[in-house]
Amino acid sequence: MEAAQLPLVLILTPAVAGCLAPLIGRVSDRGRDAFSVLMETLTLLIAAYATYVCFAGAAGGVWDFVLDRLNAFIALTVTILGFAATLYSVRYISEEPHLNRYYACLHFFVAGMLGMVFTQNVALMYVFLEIMTVASCVLVAHRTYKEAAEAGYKYIVLCTIGALFVLLGVALTYQHFGTLSLTAVERLTAVDGVVPMIIALSMIFGFGLKAGMVPLHAWLPDAHAEAPSSISCLLSGAMIHTAAFAMAKVLYSLFAMDAFGMVGLILVSFGVLSMIVGTMLALVQTDIKRLLAYSSVDQMGFILLGFGLGSVLGAIGAAYHILSHCLGKGLLFLSAGAVIKATGTRNFRELGGLSSKMPVTAVVSMIAALSLSGVPPFSGFVSEFLICKAAFEAGHPILVLVMLIVSVVTLAYLLRFVHATFFGEPNGRSEAAREAPASMLVPMVILAALCILFGIFPAPVIEFVRVACAALLGGA
């Protein structure tokens, strides 16, 4: 298979699965589940092959769908979580109704994210954004009770507003640059007009809302809390990252390095605001999933800050943090789902002593918490170190101090959650708990192993994305 064809194959594989899964489900539930896991496994293998092809030096594209190192890297993170969430769903959600709809939307959700990653056409980016939004909205409201319906309604309304900002940016991009293709755009060397600044702000607000950037994060805690944990894993571990990556790709394609100053300052400011507000709100939560949701707001701040610094090292750190947060937060949402399914509560103050009942879940939760807090030797340490180093080299030591404080507070509230859930005094709910089944534990263990692997061996990944990040910034 030629490298140029891989992006289309990657997008079409889960899309075809989304069309066929409900048809198979009408005949056999087990057949549908097996087919869904098989297709997401195939998507992951194709993404891994695409990454290998890029590592070997090949690249290409067709119809504004481009395969390069950075696109392949982000696509690999999406497909890792797509596979993990699908396998986890087999037992986690097996007793719930409307599963044909659930699996169809899950596959289309993954396809929409992959389309966002690979397309270099801003109009197609908007189309895939809408596909991703509609599919994920149905998944957020899957359980149909009042709170889930309200979360889904808030999510679709706010994300539609964000999509309108993106659409405005698309229209103005075509009007100002005469093309919708980012590969054909001649970068602006100065943001000295009203239209370029409106384009930049439209893209930042549009994609930033989807990424959960403060102050556009109002949908995020409700959607994450009410969605099934397998979907919360994808929302927080993959979707918000594809939005942040799309934002960076558009901005870096339209504005050259020397024109990125004001745009970069806006991104850094929103990044710092997201870190501080997300951390403060996470500190006061006792609902497991709302705590993890606000933690995603906090972690998104690191990614925005890294991209906003406008340096190759900052972009590398942001890309690596996408991987780190994908693995760590995806794992925490899956482990939270196992705990909630076993105990029937989302309030960790009502739990305790689960380490003896759910030892594997306890261990992987601790690994994820340490990784997200930037503790070595886990992947989160590498990405946060790179972003801190980029900020220091850019002459902003105050940003380094803010990131260090946020990391320490993140460690505090995540360890509070882990201790209260797994090591505190047990109560009645804990006594009845049992370890999650194997189909739920396997994806959790895989994600935990990757948190360790990419923390101990970061050099291949850094080298892999370095050239792509330099090209994204105009060959700097």
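The values are calculated or read from the model by the stated rules, or taken from the named source; none is laboratory data. Everything quoted here is computed from the prediction, not taken from an experiment. Cβ: placed from backbone, ideal geometry, glycine included. Neighbour counts: every protein chain shown.
Which of the following residues is on the phi < 0 side of the Ramachandran plot, at pLDDT below 95 and over 25 Å from the mean Cα position of the chain (by Cα): S430, S439? Talk me through it step by step, then tell me what you get.
On the way: S439 fails: over 25 Å from the mean Cα position of the chain (by Cα).
Criteria check complete, one pass: S430.
Among the listed residues G353, G328, G310, which satisfies the condition of being assigned to a helix (DSSP H, G or I) and touching a Gly at 6+ places or on another chain (Cβ under 7 Å)?
When all the criteria are applied, what remains is G328.
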Scan of segment 266-306 for residues that are closer than 18 Å to R349 by Cα, among the aliphatic types (A, V, I, L, M) and assigned to a helix (DSSP H, G or I), ordered by number
L281, A282, L283, I288, L291, L292, A293
Any hit, segment 90-98, residues being of a type outside the set (D, E) and under 23 Å from E2 (Cβ atoms):
no
Does V467 qualify as being at pLDDT below 95, over 30 Å from L188 (Cα atoms), in a helix (DSSP H, G or I) and of a type in the set (A, V, I, L, M, F, W, C)?
no
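Give me the residue from segment 356-376 that is outside any helix (DSSP H, G or I) and among the aliphatic types (A, V, I, L, M) and, out of that set, surrounded by the most Cβ atoms within 10 Å (Cβ to Cβ).
Here the answer is M358.
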Members of segment 269-288 that are surrounded by 23 or more Cβ atoms within 10 Å (Cβ to Cβ) and not aromatic (F, W, Y)
G271, S274, M275, G278, T279, A282, I288
Could you check, for segment 157-177, whether at least one of its residues is at pLDDT 90 or above, closer than 17 Å to M239 by Cα and among the small types (G, A, S)?
yes
Starting from residues that are free of Cβ contacts under 8 Å to residues at least 40 places away in the same chain and of a type in the set (A, V, I, L, M, F, W, C), keep the ones in segment 158-182 and report whichever is farthest from R101 (Cα to Cα).
L172
As an exercise: evaluate A15 against (1) assigned to a helix (DSSP H, G or I); (2) in contact with a Ser or Thr (Cβ under 9 Å, 6 or more places away or on another chain); (3) not charged (D, E, K, R) and give the number of the one condition it does not meet.
(2)
Identify, by number, the condition in (1) modelled with pLDDT under 90; (2) crowded, with 23+ Cβ neighbours inside 10 Å; (3) in contact with a Gly (Cβ under 8 Å, 6 or more places away or on another chain) that A256 doesn't meet.
(2)
Look at segment 454-476 and say how many of its residues are closer than 30 Å to V37 by Cβ and either of a type in the set (S, T, N, Q) or without any contact (Cβ under 8 Å) to a residue 40 or more places away in the chain (or both).
2
Determine the pairs where a residue that is more than 15 Å from A225 (Cβ to Cβ), located within segment 329-357, has a partner that is among the acidic types (D, E) with Cβ atoms under 9 Å apart, the partner being 6 or more residues away or on another chain.
A338/E435; A342/E435; T343/E350; G352/E425; G353/E425; G353/E431; K357/E431; K357/E435
Scope segment 386-441; condition polar (S, T, N, Q) and in a helix (DSSP H, G or I); matching residues
S407, T410, T421, S430, S439
Just wondering, is there one or more residues in segment 204-214 that are over 14 Å from F307 (Cβ atoms) and either surrounded by fewer than 23 Cβ atoms within 10 Å (Cβ to Cβ) or of a type in the set (V, I, T) (or both)?
yes
